[in-house]
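Report on the following structure.
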Amino acid sequence: MSTTTETTAMAPPAGALTVEPVRVTVPKHSVASELRAIRIVWRRDLIRFVNDRVRIAASLVQPLLFLFVMGSGLQAISSAGTHGVDLKTFIYPGILCIAVMFTAMFSAASIVWDREFGFLREMMVAPVRRSSIVIGKCLGGATVASTQGVIMLLLAPLVHVPYDPVLILGILGLQLLLAFSITAFGVMVAARIKQMQSFFGVMQMVVMPMFFISGALFPVAGLPGWLAVLNRLDPLTYAVDPMRRLVFGHLSISPAARAALDPGVTWFGWHVPALLEAGMVLLLGLVMLAVAIWEFSTSE
Amino acid sequence: MASEAQPADGRAIEVRALAKTYREVQAVKGVDFDVAAGEVFGFLGPNGAGKTTTINMLCTLVKPTAGSATVAGHDVVRERDDVRRNIGLVFQDPTLDSYLTGAQNLKLHAELYGIESSLVAPRMRQVLTMVGLWDRRDTAVGTYSGGMRRRLEIARGLMHSPRVLFLDEPTIGLDPQTRRSIWSYIRELQQREQITIFMTTHYMDEAEWCDRIAIMDHGKIVALEAPETLKAQVGTDRVTIQTDDDDAAIGALAERFGITARISEGAVAFGVPEGEHFVPRLFSELGMPIRAVSVSRPTLDDVFMSYTGSTIRDAEEDQSKHRNRVMMQMMGGRR
Ligand SMILES: Nc1ncnc2c1ncn2[C@@H]1O[C@H](COP(=O)(O)OP(=O)(O)OP(=O)(O)O)[C@@H](O)[C@H]1O
Ligand SMILES: [Mg+2]
């Protein structure tokens, strides 16, 4: 910085004392002030995301690797089982989910950082409820992650998935839902964790297994017993499955391929409807949001 | 805040038997004090004395274990929102968004507090001008120097015209010149905006800028006075003399005046009341040549020493040892 700014700063500007201070008032607490607080937290997350190009790029790397490197690499040995469907097409719905997941995770991570060093502490003394801060954060994470999801969505033609308005809206809706729940999960964890490293440790320990078990990379029928059980318990399964049904609903493939690749999740033989699956993701997200709010309101 | 009545007796802060215990640590052990409206009140103490914990309780961030406090006439536990609307807080550690510009940081703050939008721009201009950052308002905070960030945080704390401004170590880690400039803002502010300022520091020399200071040590207030009064209570001035034979001089001082002197920084040093009046006697009665003499008024360092029995630096070393031990216990015992 220039030295002149420092030196002029030493002496208060001439005449400053003679100016009447502009007095502002802080209004009493109201619903409007909470909505405003939610909006501010949400918007700040967006600004932060836009400013952080490295993060945008970093959270794209993993899904792209899975989709194109793994998808193309394993194509040769898997083609017998995919009934002529490109492996990339098969894993695409799963990739749409994890793209959102990683971004939402990063978004929630910032709460750990902010708590120690940033704006979050500032917000903690503002005349607003902590619940508004948490809700704003979850909405912010969901929005940011969905933006990221849109980038993955643009790749659809490369993996032989058509652009279709209904499909696109459906995917966006599911992504928003998943991103919201994952952010709520992240915020819930962040409330109890003070260090960035431990936060990522926990996330790695939870999110990676969740991803691998979810069926993002394999069909969920005919699994060995232990894996089938884990798969049905994994919440992410219920985000990946409706996503796959949605995408496969817009593909023209043979019935045999459909049966093999998109069997749908079953509970003791009962086909779980996609709407119920999405509802479960939402419910889980709301429960975690409630826990996060409770944690933040009671913590010091 | 014309709509709200000042506390009748003109007190901005009232604290009664306020205490906070964190599991095994008694951070604040029951403190009592009042701060008058418009006062600059300093909280002085070594690391770990409980200054930040006290501020956090007054700012409603931490619930007291016992006792009560009101800030701007509102109870910090029962009327949390009202307290929050009336205070500004500058944290010990920076809490700015470094990827945002100075103006954007203040704007977020103004919105969070619900300041009427037509007043945001003029108010922002005023506070930024006061801390000398108006010209830099559109550059990212990441490019600011430490002193500029601190000033921006002070400006932010002022955005919503608080009645009481809390500053937790506003000058820590800054060079003496910047520290002085921050102090002149604080003083100017107090006059201009008629607000009460509660601040902590562990620089002894800064305490002299305050109207009154409380000395805190190990969670207790050990002294609370105007800086001048505190210094007067220590009573003695510090005299240092240089002679050709320091040992002989110490002997002569003990024999003729009954004074215990010691060697400090290569000179003979001792304390006497009214040092200026003692010097003539010293020259005529010591019975040996004196090459140089200096008399200094007691500093707050001496004050701290006389109340706590250690210099602030010694106290901090003790504290950090203690802290390390507690940290080890916590790391071993939990999570
Ligand atoms: N959240 C906490 N949990 C446990 N102990 C705490 C917590 N906050 C503070 N303490 C302990 O309370 C004591 C007082 O801490 P405090 O931060 O109030 O000191 P301070 O006077 O502000 O010191 P410094 O000059 O270092 O800022 C210390 O022993 C500290 O370890
Ligand atoms: Mg402190």
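The values are calculated or read from the model by the stated rules, or taken from the named source; none is laboratory data. As the structure is a prediction and not an experimental result, all values here were calculated from the model. Here the Cβ is made from the backbone with ideal geometry for all residues, glycine too, and neighbour counts use every protein chain on show. Protein only, heavy atoms only, side chains kept; ligands, DNA and RNA dropped before computing areas. Shrake-Rupley method; radii C 1.70, N 1.55, O 1.52, S 1.80 Å.
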Cut-off 13 Å between beta-carbons: net charge of the residues surrounding B:Ala66, Lys and Arg +1, Asp and Glu -1
+3
What residue among A:Val100, A:Val265, A:Val187 has the largest mean-square fluctuation in a Gaussian network model of chain A, using Cα springs under 10 Å?
A:Val265
Alpha carbon centroid spacing (whole Å) that separates the range A:179-234 from the range B:12-35
44
Could you give the distance between the Cα centres of the range A:116-163 and the range A:256-300, to the whole Å?
19
Identify all aspartates and glutamates with a Cα-Cα distance to A:Lys28 below 20 Å; exclude those on the same chain that are fewer than 8 residues away in sequence.
A:Glu122, B:Glu4, B:Asp75, B:Glu79, B:Asp81, B:Asp82, B:Glu111, B:Glu116
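Averaged per residue, what accessible surface does the range B:236-297 expose to a 1.4 Å probe, in Å²? The partial results should precede the final answer.
Working: 3660 Å² over 62 residues.
That works out to 59 Å² per residue.
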Where does chain B land at 222 nm, in deg cm²/dmol rounded to the nearest 500, when only DSSP H runs of n ≥ 4 count, each adding -39500 (n - 2.57), divided by all residues?
-12500 deg cm²/dmol
To test your reading of the geometry: what angle, between 0 and 90 degrees and rounded to tens, separates the Cα axis of helix B:275-285 from the longest principal axis of chain B?
10
Rounded to the nearest 500, the 222 nm mean residue ellipticity computed for chain A from DSSP H runs (n ≥ 4, each -39500 (n - 2.57)) alone is -22500 deg cm²/dmol
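After finding the eigenvalues of the alpha carbon gyration tensor for the range A:69-209, what semi-axes result from the square roots of 5 times each, listed largest first in whole Å? Provide the component values of the computation, followed by the final result.
Numbers: eigenvalues 250, 62, 18 Å².
Square roots of five times the eigenvalues give 35, 18, 10 Å.
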Number of Lys pairs (Cα under 17 Å; 8 or more positions apart or on different chains) in the range B:11-230:
9
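How would the range B:1-120 be classified by its alpha-carbon gyration tensor: rounded, prolate or oblate, with rounded meaning a/c under 1.5 and the a/b versus b/c comparison settling the rest?
Working: a/c = 2.10, a/b = 1.32, b/c = 1.59.
In terms of gyration-tensor shape, oblate.
Counting only protein heavy atoms and using a 1.4 Å probe, what share of the accessible area of the protein assembly as shown belongs to carbon plus sulfur, as a whole percent?
Numbers: 16810 of 27550 Å².
Carbon plus sulfur share of accessible area: 61 percent.
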Can you give me the span-like helices of chain A, meaning DSSP H runs with 15 Å or more of Cα extent along the axis and Kyte-Doolittle mean at or above 1.0?
A:87-117, A:130-154, A:165-190, A:196-213, A:274-298
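With a 1.4 Å probe, what is the total accessible area buried between chains B and A, in Å² rounded to the nearest 100? Spell out each step's value before the answer.
Values: alone 16820 and 15440 Å², together 27550 Å².
In total, this chain pair buries about 4700 Å².
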Consider a paramagnetic label point 7 Å from the Cα of A:Leu60 along Cα→Cβ; state which residues of the range B:87-126 have an amide N under 17 Å from it.
none
Looking only at aspartates and glutamates whose Cα falls under 14 Å of A:Lys194's and that sit 8 or more positions away or on another chain, we get A:Asp114, A:Glu116, A:Glu295, A:Glu300
To test your reading of the geometry: what angle, between 0 and 90 degrees and rounded to tens, separates the Cα axis of helix B:102-112 from the longest principal axis of chain B?
60
Ordering A:Ser107, A:Ser72 by accessible area with a probe of 1.4 Å, largest first, what comes out?
A:Ser72, A:Ser107
For chain B, what does the convex hull of the Cα positions come to per residue, in cubic angstrom?
179
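Just check the range B:236-297 against the gyration tensor rule for me: Cα atoms, a ≥ b ≥ c as the square roots of the eigenvalues, rounded for a/c under 1.5, and otherwise prolate or oblate depending on whether a/b exceeds b/c. Before the final figure, lay out each step's value.
Numbers: a/c = 1.35, a/b = 1.17, b/c = 1.16.
The shape class here is rounded.
With the Cα gyration tensor of the protein assembly as shown giving a ≥ b ≥ c as the square roots of its eigenvalues, does the rule (a/c under 1.5 for rounded; else a/b larger than b/c for prolate; else oblate) give rounded, prolate or oblate?
Numbers: a/c = 2.80, a/b = 2.32, b/c = 1.20.
It is prolate, given that a/c is not under 1.5 and a/b is the larger ratio.
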Part-to-part distance (alpha-carbon centres) for the range A:27-103 and the range B:104-159, which is given in Å:
35
Residue-wise, which Karplus ³J(HN,Hα) couplings in Hz belong to the range B:302-307, taking 6.51 cos²θ - 1.76 cosθ + 1.60, θ = phi - 60°, and x for glycine or proline?
5, 4, 4, 4, 6, 8
